[in-house]
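Pasting a structure below so you can have a look.
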Amino acid sequence: MSTTQAPSPTIRKPGRKPATPRKLFVNIPVADVQRSIKFFEELGFTFNEQFTDASGTAMLVGEDAYFMFLTHEKFLSFSKRPLADPRQATGALFTLGVDSREAVDAMVNQAVGLGGTPAHEPQDHGFMYDWGFYDLDGHGWGVFWMDPAAVQG
């Protein structure tokens, strides 16, 4: 391991709010749309019926942020690349903030009780606490709480 550290990247437009607010849609492939809806509804998420049909659904995670759970066929219609198996390789990790350490534990324990698997051991960094799980399709989800005083810095 090197004792030298690479320089930090240069940020030309720093901020704490987006320069131009945008809606966010994260598309992920799932084997069974209904099974995914049931799993995430049990974790407390809601779904937008307007963006739901046999090929996919939209899970709300923020005012303008959605996870689109799409059948493999529908997902592949958006990409010319082959579908990766999230049970074999990690292409992305999705991380959600919650209101407390207890809420982190509750969500991960509930996800595991519903058939998910733990992704790693809980990690306590003092100002931040996180844990994670793999959903029924093998996608990695992190759940974290951060002390609001640490964010205000």
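The values are calculated or read from the model by the stated rules, or taken from the named source; none is laboratory data. Since we're looking at a predicted model, the values are computed, not measured. With ideal geometry, Cβ positions are generated from the backbone for all residues, glycine too; neighbour counts draw on all protein chains shown. In case anyone asks, the SASA skips ligands and DNA or RNA and just uses the protein heavy atoms, side chains included. Shrake-Rupley method; radii C 1.70, N 1.55, O 1.52, S 1.80 Å.
Here are a few candidate values for Rg and Dmax of the Cα atoms in Å: [x] 17.5, 53; [y] 16.2, 53; [z] 16.4, 57. Which one was actually calculated from the structure I just gave you?
Checked against the structure: label [x].
Of the beta bridges DSSP finds with both residues in region 78-145, what % are antiparallel, to the nearest 5?
Within region 78-145, antiparallel bridges account for around 70 percent of the total.
Further, regarding this structure: Given DSSP loops and a limit of at most 15 other Cβ atoms within 10 Å, what is the longest stretch of the chain that contains no such chymotrypsin sites (Phe, Trp or Tyr not before Pro)?
That would be 79-126.
Which whole-angstrom value gives the distance between the alpha carbon centres of region 89-153 and region 1-38?
15 Å
With a cut-off of 8 Å between alpha carbons and a minimum separation of six or more residues, what is the relative contact order of the chain in percent?
It rounds to 18 percent for the chain.
Quick one, can you get me the convex hull of the C-alpha atoms of region 69-153 expressed as volume per residue in Å³?
122 Å³
Ignoring ligands, DNA and RNA, please state the percent of accessible area on the chain from carbon and sulfur, probe 1.4 Å.
Reported share for carbon and sulfur atoms: 53 percent.
If r is the Cβ-Cβ distance from E41 to M146 and R0 is 41 Å, what FRET efficiency results, to the nearest 0.05?
Efficiency for this residue pair is about 0.95.
R0 = 35 Å: FRET efficiency of A84 with K17, Cβ-based, nearest 0.05?
0.60
Of all DSSP beta bridges in region 1-141, what percent run antiparallel (nearest 5)?
Of those bridges, close to 65 percent are antiparallel.
So, for the chain, what is the accessible surface per residue at a probe of 1.4 Å, expressed in square angstrom?
Here the residues of the chain average 70 Å² of exposed surface.
Additional query: How much of the DSSP beta bridge set in region 24-80 is antiparallel, as a percent to the nearest 5?
Beta bridges within region 24-80, antiparallel portion: roughly 60 percent.
Quick one: how many lysine pairs in the chain have C-alpha atoms under 30 angstrom apart, if they're 8 or more apart or on different chains?
6
Would you compute, from DSSP H runs of 4+ residues alone, the mean residue ellipticity of the chain at 222 nm, taking -39500 (n - 2.57) per run and dividing by the full residue count, rounded to the nearest 500?
Value at 222 nm, helices only: -6000 deg cm²/dmol.
A further question follows. By how many degrees, 0 to 90 and rounded to 10, does the Cα axis of helix 33-42 deviate from the longest principal axis of the chain?
Roughly 50 degrees between the two axes.
What's the angle, to the nearest 10 degrees (0 to 90), between helix 101-113's Cα axis and the longest principal axis of the chain?
The angle comes out at about 30 degrees.
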